[in-house]
Each structure stands twice: as structure tokens, then as C-alpha cells.
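Just so it is clear, none of the values below were taken in a lab; they were calculated from the coordinates. Note that the structure is predicted; figures quoted are calculated from it, not measured. Cβ sites come from the backbone with ideal geometry, for glycine too, and all protein chains shown count toward neighbours.
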Amino acid sequence: MDRQRLGVNIDHVATIRNARGGDTPDPVRAALMAQAAGADGITAHLREDRRHIRDADMAAIADAIDIPLNFEMAATEEMARIATATKPHAVCLVPERREERTTEGGLDVAADANRLTGYVAPLADMGARVSLFIASDPRQIEAASRVGAAVVELHTGTYCDAVAEGRTDDAEAELERLIAGAAQAHDLGLEVHAGHGITYDSVTPLAAIPQVVELNIGHFIIGEAVFRGLPDALAEMRRLMDTARVQM
Ligand code: PXP
């Protein structure tokens, strides 16, 4: 099977920086270190409330790295303007609620299809690969293909939570949903990514889904980096992904 890309989300380096209000740790340094350690892309989420990544971070990361930047954002007019100025390789549209701790669910593309069609087109026209972060639900996948997205990122949070909590049957059922969704999306001509909540314990079955060409992983890698350093934390994730692909 083809090598799967690893996108590293560096938001939580900014979370730690913002806890003290100064300049360190610097998310640009983390992005460059992840790039040097073999990341295939850098993902950063400019949230409406700027709780971690800020506008200046996004511009500085885009300037500094040579690998693709995946700009995660809500589908708002403000973010469309910033993305247009930043010109990232990819834009990943996610739902956002101010009170949530992290991106809790997928986009309801089916309910918002008309608006999203008009939102996706100019971003795609400027050359960005537009991705929609969705649950592995046949209706949402079909809608994603209708609104003109090039990519879907399947939300792996429910699966990863079930693995972390030892709920084996739930994990198995959720994994089946992700496998079916990846096949459906691929058959519709969409590129398939996956992400959210992935750890060393949950990555292998996800890395083994043949249609999934990219995983986006953040919180766990940044947390693990505290103990073993970012290059080593990332290298271990890379090793698990490569092993899963070879075993297929
Ligand atoms: N993919 C998307 C679309 C996300 O919103 C996030 C979280 O910002 C991730 C991947 C990474 O999730 P985590 O930080 O849990 O690895």
C-alpha cells in the first residue's frame, strides 16, 4: 500500500504559549521541527476565538515551512478572507462552537449544502485543496461530493475515545463505519483523510484503511513530545503508520 501522509497539528504548542501570554513555546519552531522530523504537512486551526493559533502565527507558519500547510477553519467570511491572503495548500472546514473544548463533531454538510457550495468554489479556484471534516455518515459523504470538495477528513474521535476507554465493541463498530465511509468517499472521487484524537493505541487500524491517504494528528503528539521530544514522538507515530500499511 502507498505510504500514508502524516499531517502534524501544532495548535497545542500555541495553547501552552498562551497559558503564560508570552512568546514561548513558538508554534513556528514546532512546525519547522516537525518538518525536519518527517511530517508531510502542518495543520493549524485558526479558531474564531483565537484560543491557540493567532493570525500572526498562521502567516508565519505559512512563510516558514516548505511542506504543505493545511489551514483548518470555520466556514465564515472572516476566515475566507484570511485564507485567501494566506494561500495555504489546503483548507479544512470544520464546525466550531465557542464553548467546546475541541472540534466535537463533523460538519453538517447535508444541511448546509447550498451555502457550502458557494463557499468552497472560490477557495478551490485560488488553488486550495478544500477538505470537509465530517462524520463517517453516508449522507454527509455524498453531500461533500456534491458541494465540490476535493477531500473529506473523516472524524475519528468517537473511535479513538472508545479505544481509550476500552469499549471494544463500540470501537469495532465505529471502525467499521470509518472503513465503509472511506470506501464510499473514494468511490465518489474524493481524497480521504482522517483525524482527531489519534494516539499510538488507536492509530494502527486507521493507518491500515487503504483509501485513507493522510492522518492529521496533534494533541497526542504534542503531549508525547513533552516526554520524549517532538522528533521522537513523531517518529514513533510514523513507524506505527508504516507498519500498519506494510501488514496489509
Ligand atoms: N483534524 C481536524 C479536522 C481537527 O479539528 C483536529 C483537532 O484540531 C485534528 C485533526 C487533530 O486532532 P487531535 O489534536 O485530537 O490529534
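What residues have an amide H closer than 5 Å to that of Asn216, excluding those fewer than 5 places away on the same chain, when H is modeled at 1.01 Å from N in the peptide plane?
Gly7, Ala194, Gly195, His196
Add -39500 (n - 2.57) for each DSSP H run of 4 or more in the chain, then divide by its residues: what number comes out at 222 nm, to the nearest 500 deg cm²/dmol?
Calculated from helices alone, the mean residue ellipticity at 222 nm is -15000 deg cm²/dmol.
Measuring from centroid to centroid over Cα atoms, what is the spacing of segment 1-61 and segment 121-151 in Å?
That distance is 23 Å.
Using alpha-carbon pairs under 8 Å, 6+ residues apart, how would you state the relative contact order of segment 162-248 in percent?
Reported relative contact order: 26 percent.
How far, in nm, would the chain grow between Ala60 and Asn18 when pulled straight, counting 0.36 nm per residue and subtracting the alpha carbon separation?
The span from Ala60 to Asn18 would gain 13.5 nm if fully extended.
Could you please rank Phe220, Phe71, placing first whichever residue has the fewest other Cβ atoms within 10 Å of its Cβ?
Lowest to highest Cβ neighbour count: Phe220, Phe71.
Would you mind ranking Leu132, Leu116, Leu32 by Cβ crowding within 10 Å, fewest neighbours first?
Starting with the residue having the fewest Cβ neighbours, the order is Leu32, Leu116, Leu132.
With N set to the residue count of segment 126-241, report its C-alpha Rg divided by 2.2 N^0.38 Å to two decimal places.
That works out to 1.09 for segment 126-241.
Please report, in debye to the nearest 20, how large the charge dipole of segment 98-147 is about its Cα centre when each Lys and Arg carries +1 at its beta carbon and each Asp and Glu carries -1 there.
Using only the charged Cβ atoms, the result is roughly 140 debye.
Compute the Cα gyration tensor for segment 161-210, then decide on rounded, prolate or oblate, letting a ≥ b ≥ c be the square roots of its eigenvalues: rounded whenever a/c is under 1.5, prolate when a/b is larger than b/c in the other cases, and oblate in all that remain.
Here segment 161-210 falls in the prolate category.
Just going by the charge dipole of the chain, with Lys and Arg at +1 and Asp and Glu at -1 on Cβ, which of Ala80, His196, Gln35 is farthest out on the positive end?
Gln35
Dipole of the chain, Cα-centred, from +1 at each Lys and Arg C-beta and -1 at each Asp and Glu C-beta, to the nearest 20 debye?
Charge dipole of the chain: 520 debye, to the nearest 20.
Given a Förster distance of 25 angstrom, what is the FRET efficiency for Arg29 paired with Ala85, based on the Cβ-Cβ distance and rounded to 0.05?
With R0 = 25 Å, the Cβ-Cβ based efficiency is 0.65.
Quick one: pull the percentage of alpha-carbon pairs in the chain with a separation above 27 Å.
30 percent
Put +1 on the Cβ of every Lys and Arg and -1 on every Asp and Glu Cβ in the chain; which of His45, Ile65, Thr156 then has its Cα farthest towards the positive end of the dipole?
Ile65
Divide the volume of the convex hull of the Cα atoms of segment 65-167 by its number of residues and quote the answer in cubic angstrom per residue.
In segment 65-167, the Cα hull volume divided by residue count equals 122 Å³.
Could you sort 183-190, 210-217, 147-154, 165-172 so that the peptide with the highest average Cβ count within 10 Å comes first and the rest follow in order?
147-154, 210-217, 183-190, 165-172
Please report Ser136, Ser202, Ser145 as a ranked list, fewest other C-beta atoms within 10 angstrom at the top and most at the bottom.
Ser145, Ser202, Ser136
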